[in-house]
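S.K.: This is the structure I have questions about; it appears just below.
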């Protein structure tokens, strides 16, 4: 078993034990897990494949709305709603990618903002489809095997499954051919093409996977809040937060985005109570620090530092 | 269609477009020379607004007079940011500078929030709602002043770029950085200068806008930044005159869309045109045909 | 040995001073938006609650027990509010107050019901929050329906009082977030019910700052009544641009934005004649209003608005329920809240009723204020008013 899977198993055990150790702090944990999953999913396109998106809130919103409207309007339970949301998100990502992947680097990033903002306005104004600005309440949910999906415990397990599933998928992909293809496209599209890789297809697949997973998290987020409003679900800063969580943690690493989520949500909790006003200031400061001093990401760089020192010690001992 | 109303809308579109051009011009310059996407551009505009508010409440002068202090301060601030942050990222992948300026944007906005609080601030000037009548069309004095400032700023910038030695060095750096260095131009200095100019122009836009609008610490910056991007992409890379055209097109599209299509999609009209231009004519409507990569 | 005893007792005394165990404390939970987009309002609620807290404790607390607040900032985001409410739910607090925005208070209300924590609404006016099925949620302040009806009651009153001036057509312009949209919906149905005609109906994205094309369309629609729902930022820009394009009407109603004292400061003469609905004002003819006004002003250090009063009201109601329950058991506190009837405060009298499709809602009397000579003056209803309505609004050129 490789090192990655040992860490993964450790995380899984931690996740399984947590609700018994800290039963009063489940909501924070759900937020951490959702951001961990989102940031990891974002990283598939943004980190591994180099397509920095600042529009991922659109996928969160899509997932949340599909699950909520499916339940409220059509009586479709969430376990059908979530896969449908993922499929629709993959479809959206396909159209979106087809449209914008001809743009390179920063231009692609700009176009993601534009697309997400247009989708936000659609969600607000087309009330026949989304319930409009007034929002949608999820007031009843089915109870599979007597499990109350409104309970924090149930939501915690859903969020945990989402986060661990996403991380596991990335861990697997990173060792597969698709992972190498993505990295090749990120480093240099022309050389990738010369090596027989189709960059557009690779980017499309990465973006579709990223969007679909983000939408699954969005669906869980919708159940967690049980009230959906376009201004909240399609919020530009939510896109920014997802991207920055991943980048601060460490782009293109298996665990960096998840670690970024623990760090930023945790810091946000502390800031929220002690430093009332400017809760996004920490994101600003951290991103500058990361960009200037830890270009690989805070957590990834720290791990590297520890690993180096260990290596140095072990060689000294010999 | 009511002709008077239509003419009124077109003239408003032009004037609003002039304001957009003023916001966009600084970004166009920075973009053209440094290939940097400055996410904090709109936040500098908001800084300019707060500067004018502070100036007005402290000394009681007309908010436009704040330009005397705000423009040099913005220039120095821009140069410092370029020196200590952006210049260290020249060799990094392009999205790195984008992230750095995104960080700056969050820092500026939230610091303003800490200092001023969340309530919108504005300056109440007696001429805020004054209009001039041109035939049957009313022209807002404040918008007209903003339009004149745009013209003045762009003319000054053009004179600087085409008539001075430093200006020509800026243009050389924009077209080929390596080449410029080979002929002895200190491109690091040029970058600092350009970023300082860019922030100054953003701040001028803020001061020009405050009698018309309101300053708000965190929400307004990204909106301005997005408008500036649209203007830049519409006009084309690094072409200062095209920024005027970009601004005017955006203004007209928004105003006519709002008046005759659906008002609630106002910001979408600009973004749709933005996407269309980006995809169909990536060099901008008036740019030279160069591949963007 | 003796020295030893002295030391021990001294320590005991010292310990007693540090932790006054003899005086039990009651902690009330608060979830408020102290940062983020709604902090403007959150700070006002905070000041209002502080005034109420001082009043309660100066008068001996609740049955001799001091009251304290356990405050959590939701940073204007629903997920933080939920987290905070659950944290408070796990603590020893008999009830919780919160929060401002509908998008935040809505999810809180759901959790309060599910977890059986009594919730007194601090600021949200969303109708859905006090619909049947929410037996643990109580609202002493107004809801969207009450606000909308009050505006049209006022329009009706002006119609009756001034039969020669035509008051028939309504032009509506509102931001596209939850509350303005909901209020516009109420206004649309009230207009139809009472025989007004909506001749212009536009919404705009929050953050837009150029309203000229919409206002120009209004100019040709010529509405008798302008009904606008704007937040502070857009409200400033809209009134300036109305003056610029020359758009006026017999009545100009601006909800939310025009109720803030800063609005008058920042728009100057332009805001004259504007009317706005609130559930409290400093000159309303209730007992104790003047005194409350002074205290709110001293606390906030600025001109208070009805938001401070709503914060004050929420905490006073909570304290009254605790007093009547005589216990901090949540079920008993909920029953006490349910039983509150005709409780008098300087803000309003409170009775939690189930009526007209609402549950646990106080049918509060809303007021219409008009900005007259640079100040808010209560002009409707007549029996509570401090001044006469200035009607109709003169054209911009004749001001």
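Each value in this text was obtained by applying a stated rule to the coordinates, not by laboratory testing. As the structure is a prediction and not an experimental result, all values here were calculated from the model. Cβ placement follows ideal geometry from the backbone for every residue including glycine, while neighbour counts extend to all protein chains displayed.
S.K.: Describe numerically, in nm with one decimal, the distance between label points set 7 Å from Cα along Cα→Cβ at residue A:270 and at residue C:221.
M.R.: A separation of 5.2 nm, rounded to one decimal place.
S.K.: If you average the sequence gap of Cα pairs under 8 Å that are 6 or more apart and divide by the length of the stretch B:19-94, what percent do you get for the contact order?
M.R.: The value is 18 percent.
S.K.: Which ordering of B:41, A:231 is given by a fewest-first count of other beta-carbon atoms within 10 Å?
M.R.: A:231, B:41
S.K.: Ranked by Cβ crowding within 10 angstrom, fewest neighbours first, how are A:128, A:79, C:280, A:157 ordered?
M.R.: Sorted ascending by nearby Cβ count, the order is A:128, A:79, A:157, C:280.
S.K.: Now a separate question. Any idea what angle helix B:41-59 forms with the longest principal axis of chain B, computed on alpha-carbon atoms, 0 to 90 degrees, nearest 10?
M.R.: Long axis of B:41-59 versus the principal axis of chain B: about 60 degrees.
S.K.: Pop the C-beta distance of residue A:161 and residue C:92 into the FRET formula with R0 = 35 Å and round what comes out to the nearest 0.05.
M.R.: 0.55
S.K.: How many nm is it between the label spots at residue A:126 and residue B:92, if each spot is 7 Å from the Cα in line with the beta carbon?
M.R.: 3.8
S.K.: Compute the angle between helix B:3-34 and the longest alpha-carbon principal axis of chain B, please, reported from 0 to 90 degrees and rounded to the nearest 10.
M.R.: In chain B, helix B:3-34 runs at an angle near 20 degrees to the longest axis.
S.K.: Mind telling me which of A:16, A:69, A:244 comes out most flexible in a GNM of chain A, alpha-carbon contacts under 10 Å?
M.R.: Among A:16, A:69, A:244, the largest mean-square fluctuation in the Gaussian network model of chain A belongs to A:16.
S.K.: What number, in percent, do you get for the relative contact order of the stretch A:26-317 if the mean sequence gap of Cα pairs under 8 Å and at least 6 apart is divided by its residue count?
M.R.: It comes to 35 percent, rounded to a whole number.
S.K.: Let me ask something additional. Between the alpha-carbon centers of the stretch A:13-87 and the stretch C:140-161, tell me the distance in whole angstrom.
M.R.: 43
S.K.: A further question follows. Arrange B:160, A:145 by Cβ neighbour counts within 10 Å, fewest through most, would you?
M.R.: The order, fewest Cβ neighbours first, is A:145, B:160.
S.K.: I want to verify a result. In a Gaussian network model of chain A, Cα cutoff 10 Å, which of these has the top mean-square fluctuation: A:267, A:29, A:85?
M.R.: In the Gaussian network model the winner is A:267.
S.K.: From the mean inverse distance of alpha carbon pairs (Kirkwood) and the Cα radius of gyration, derive Rg over Rh for the stretch A:14-84.
M.R.: 1.07
S.K.: For the protein assembly as shown, what value does the Rg/Rh ratio take when both radii are computed over Cα atoms and Rh is the Kirkwood radius, given to two decimals?
M.R.: 0.98
S.K.: For an R0 of 35 angstrom, estimate the FRET efficiency from the Cβ-Cβ distance between residue C:66 and residue C:290 and round to the nearest 0.05.
M.R.: The formula returns an efficiency of 0.80 here.
S.K.: Taking 7 Å along the Cα-to-C-beta vector as the label spot, tell me the residue C:164-residue C:297 distance in nanometres, rounded to one decimal.
M.R.: 3.9
S.K.: What is the extension gain from residue A:80 to residue A:3, computed as 0.36 nm multiplied by their sequence separation minus the C-alpha to C-alpha distance, in nm to one decimal?
M.R.: Computed gain between residue A:80 and residue A:3 is 24.2 nm.
S.K.: When the Kirkwood radius is taken over all Cα pairs of the stretch B:1-155, what Stokes-Einstein diffusion coefficient follows at 37 °C and 0.692 mPa s, in µm²/s?
M.R.: 184
S.K.: For a bin width of 20 Å, list the pair-distance distribution of chain A built from all Cα-Cα distances, rounded to whole %.
M.R.: Values per bin, smallest distances first: 32, 58, 9, 0.
S.K.: Per the helix-only calculation at 222 nm, which mean residue ellipticity applies to chain C, given -39500 (n - 2.57) for every DSSP H run of n ≥ 4 and division by its residues, nearest 500 deg cm²/dmol?
M.R.: It lands at -14000 deg cm²/dmol.
S.K.: Separate question: Fully extended, how many nm does the chain gain between residue C:355 and residue C:269 (0.36 nm per residue separation, minus their Cα-Cα distance)?
M.R.: Length gained between residue C:355 and residue C:269: 26.8 nm.
S.K.: Here's something else I'd like to know. To the nearest whole percent, what portion of all C-alpha pairs in the stretch B:12-280 is separated by more than 33 angstrom?
M.R.: Result for the distance tail: 18 percent.
S.K.: Over the Cα atoms of chain C, what radius of gyration and what Dmax do you get, in Å?
M.R.: 23.2, 97
S.K.: Round to the nearest 0.05 the FRET efficiency obtained for residue B:136 and residue C:192 when R0 = 35 Å and r is the Cβ-Cβ distance.
M.R.: That pair, residue B:136 with residue C:192, gives E of 0.50.
S.K.: Quick check: the angle from helix C:306-325's long axis to the longest principal axis of chain C, C-alpha only, nearest 10 degrees?
M.R.: The angle comes out at about 40 degrees.
S.K.: Highest GNM mean-square fluctuation, chain C, Cα pairs closer than 10 Å: which of C:172, C:49, C:91?
M.R.: Maximum among the listed residues: C:91.
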